[in-house]
1. Sort through LEU102, LEU91, LEU118 and tell me the only one that's at pLDDT 90 or above, hydrophobic (A, V, I, L, M, F, W, C) and under 20 Å from ALA20 (Cβ atoms).
2. Please enumerate the residues belonging to the range 57-70 that are surrounded by 17 or more Cβ atoms within 10 Å (Cβ to Cβ) and in contact (Cβ under 8 Å) with a residue 40 or more places away in the chain.
3. Within the bounds of the range 80-94, is there any residue that is acidic (Asp, Glu), open to solvent by less than 20 Å² (accessible area, probe 1.4 Å) and at negative phi?
4. Checking the structure you have, find out if any residue of the range 107-124 is over 19 Å from the mean Cα position of the chain (by Cα) and open to solvent by 60 Å² or more (accessible area, probe 1.4 Å).
5. Which one of the conditions (1) surrounded by 14 or more Cβ atoms within 10 Å (Cβ to Cβ); (2) at pLDDT below 50; (3) of a type outside the set (A, V, I, L, M); (4) within 25 Å of VAL80 (Cβ to Cβ) does ASN172 fail to meet, given that it meets all the rest?
Amino acid sequence: VGIDAGLDHLLTLSTGEKIANPRHERRDRARLARAQRDLARKARGDGANRAKARRKVARVYARIADRRRDHLHKLTTRLVRENQTLVIEDLTVRNMLSNGKLSRAISDAAWSQFRSMLEYKAAWYGREVIAVDRWFPSSKLCSACGTLRGKMPLGVRTWTCACGTTHDRDVNAAQNLLAAGLAVSACGAGVRPQRESSRTGQSVMKQEALRREP
């Protein structure tokens with residue numbers, strides 16, 4: 001299965017299934033803000049009231065983290081049990097967090113935690129996880145005819161290729177990730193994360209194509 005991570009939907013699968021983003025932090029944002037305001041009003045020091053307010057903030061954070069972790073555990077276990085090969089995109093989450101408008105939502109989605117769980121559970125079950133590097137144009141490539149579209153802003157959720165095929169952006173990306181991962185795996189080349197090939201700036205797909213040229 002190909003897996004495309006996002007914010008509107010946490011995951012979109014190449015089968016067409018979309019998994020909702022629970023947005024755990026957003027759901028408890030008002031409660032967290034109240035607890036933090038109460039803490040800010042307490043006199044600084046080691047007083048009992050400030051300690052109580054600090055524990056209240058910590059409990060809200062723990063509640064968010066526990067719910068997020070529980071959801072990811074259930075999700076990754078299901079995906080690993082149902083599929084022999086799982087293809088994901090090698091997202092550089094650390095760099096993406098520099099986007100001030102999306103950093104909070106990206107942190108709440110916990111893509112890095114999802115990938116970590118997926119990889120160690122795949123090892124348990126004897127499954128294969130393939131990471132296609134971030135330069136692969138999964139969203140802009142027509143999964144039907146292979147035509148590469150030009151610019152595609154994030155606001156474009158559906159688009160129609162010149163071949164007449166209308167694509168859901170996320171489903172199309174997941175299908176292209178699956179095809180790319182399986183193709184490179186079949187050629188015997190592991191799809192190395194971008195952090196290992198950053199010196200060349202080339203995707204593993206491009207590197208494999210270069211090796212096959214006469």
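The values are calculated or read from the model by the stated rules, or taken from the named source; none is laboratory data. Since we're looking at a predicted model, the values are computed, not measured. Heads up, the Cβs are rebuilt from the backbone with ideal geometry, glycines too, and the neighbour counts pull from every protein chain shown. Side chains are part of the model used for accessible areas, which takes the heavy atoms of the whole protein and leaves out ligands, DNA and RNA. Shrake-Rupley method; radii C 1.70, N 1.55, O 1.52, S 1.80 Å.
1. LEU118
2. Residues satisfying the conditions are ILE64, ARG68.
3. Yes; the residues of the range 80-94 include at least one that is acidic (Asp, Glu), open to solvent by less than 20 Å² (accessible area, probe 1.4 Å) and at negative phi.
4. The answer is yes; a qualifying residue exists.
5. That leaves (2) as the condition not met.
Residues are listed down the side, and each one gets a yes or a no for (1) more than 17 Å from GLY2 (Cβ to Cβ); (2) not in a strand (DSSP E or B):
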residue	(1), (2)
ARG115	no, yes
TYR120	yes, yes
ALA123	yes, yes
VAL129	no, no
PRO137	no, yes
CYS145	yes, yes
LYS151	yes, yes
